[in-house]
Each structure stands twice: as C-alpha cells, then as structure tokens.
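Contents: one structure, followed by commentary.
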Amino acid sequence: MKMSIKVEDKMTKFVVTISPRTTIREAWGTLSRIGFRHLPVVKNGQLVGIISDRDLLVYNPKDNKLSEAPIETCMTPSPITCSSNISVKEAARLMIANQIDCLPVISGIKLVGLLTTTDIVELVAEGHGPEEAGLPWTFTVEHITNEDSFTQ
C-alpha cells in the first residue's frame, strides 16, 4: 500500500506575506519582485485574507487613486485553508471543489506554507503517477497520427 504524499512534503514553506494596509501598488511590486502569484494577507500574526495576481488584474498600477487603495479592499477575506498533515489528494479535491489555485497551510492559527496548483503539477513532472501523488484524476494519452495533427 502506497503512502500518499502529505501537504507538508510539497508546500512552499517560504511565504511572503503582506498586511491589509499594503497598497495595491505595493502588492503588485511584491508579486513582481518575488515571482509568486499569491500573497497571504496577515494581521497581528493571523491570516485574514489572500490576494492573487489575477485579483489585481482589474487594477491599473498607473491609476494613482486605485493603486493607492489598501489591499483589504480587494483581497479574498477568510480564505479556505488546510493543515499540513492532510494528503495532497485531499488538498487537490478541496481546491477543485472551491475552484481555487492556492491553499494557505495553517498550523493552529499560524501560517506555515502555501500549496498551489503548481506544487501539485510538479508532482507529476517529478514522475509521480496520479495514484502515488494522491491526485484525484487520471491522464489518458491517445495516439495522434499525422492526419490528426494541426497545421499553422
């Protein structure tokens, strides 16, 4: 019997956070600088929200009025979270059911990591099959002939 991979084994442990008072402009700058797509929003050591690069797409960083608004005006408050000891399979199902690409990982009230769809796809890229990785889906590859290929 194969052991399923736990969230703690695959989550990103280096987590950059911002405060609810961080401006939209500052959040854009942080996302650009670190190359991440999600920023947890923390107040007094507790997770209060999350923001993604897609959440910020509606804000033009050159619009001074909007870009100086605090991130709490556009963050997702009280995001769905998971614990580090659940399986990646359980986490993936939670992400699918809620149509989200990132799960903040919590221990008690402390943010200890992030699990993203990229982390899950990396399991497949590392050679883990869907069952071993704990993924709730399978892949089917069909043979494609020259007649089936697309031309540009």
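The set of residues in region 17-49 that are at pLDDT below 95 and among the hydrophobic types (A, V, I, L, M, F, W, C) comprises I24, A27, W28, L31, I34, F36.
Please state which one of V124, V88 is hydrophobic (A, V, I, L, M, F, W, C) and modelled with pLDDT under 90.
V124
Remark: pairs (first residue in region 105-124, more than 18 Å from S4 (Cα to Cα); second residue open to solvent by 70 Å² or more (accessible area, probe 1.4 Å) and not polar (S, T, N, Q); Cβ separation under 7 Å; 6+ apart in sequence or on different chains) = G113/K13.
Where helices (runs of 4 or more DSSP H) fall wholly inside region 11-96, the ranges with 3 or more residues that are of a type outside the set (D, E) are 24-34, 64-67.
Annotation note: of V15, V42, the sole residue that is within 18 Å of T118 (Cβ to Cβ) and touching a strand residue (DSSP E or B) at 6+ places or on another chain (Cβ under 8 Å) is V15.
As a summary of the residue check, S52 satisfies the conditions (1) in contact with a Cys (Cβ under 8 Å, 6 or more places away or on another chain); (2) surrounded by fewer than 16 Cβ atoms within 10 Å (Cβ to Cβ); (3) of a type in the set (S, T, Y) except for the one numbered (2). Please go through region 1-53 and give me each residue that is of a type outside the set (A, V, I, L, M, F, W, C), touching a residue at least 40 places away in the same chain (Cβ under 8 Å) and touching a Phe, Trp or Tyr at 6+ places or on another chain (Cβ under 9 Å), ordered by number. Correct list: T12, R25. Going through region 77-102 one residue at a time, which ones are open to solvent by less than 60 Å² (accessible area, probe 1.4 Å), out of contact with any Ser or Thr (no Cβ under 8 Å at 6 or more places or on another chain) and β-branched (V, I, T)? Answer for region 77-102, where residues must be open to solvent by less than 60 Å² (accessible area, probe 1.4 Å), out of contact with any Ser or Thr (no Cβ under 8 Å at 6 or more places or on another chain) and β-branched (V, I, T): T81, I86, I100.
The values are calculated or read from the model by the stated rules, or taken from the named source; none is laboratory data. The structure presented is a predicted model; accordingly, all values stated were derived computationally and were not measured. Positions of Cβ are backbone-derived with ideal geometry, glycine not excepted, and every protein chain shown enters the neighbour counts. Note: accessible area is taken over every heavy atom of the protein model, side chains too, but ligands, DNA and RNA are not part of it. Shrake-Rupley method; radii C 1.70, N 1.55, O 1.52, S 1.80 Å.
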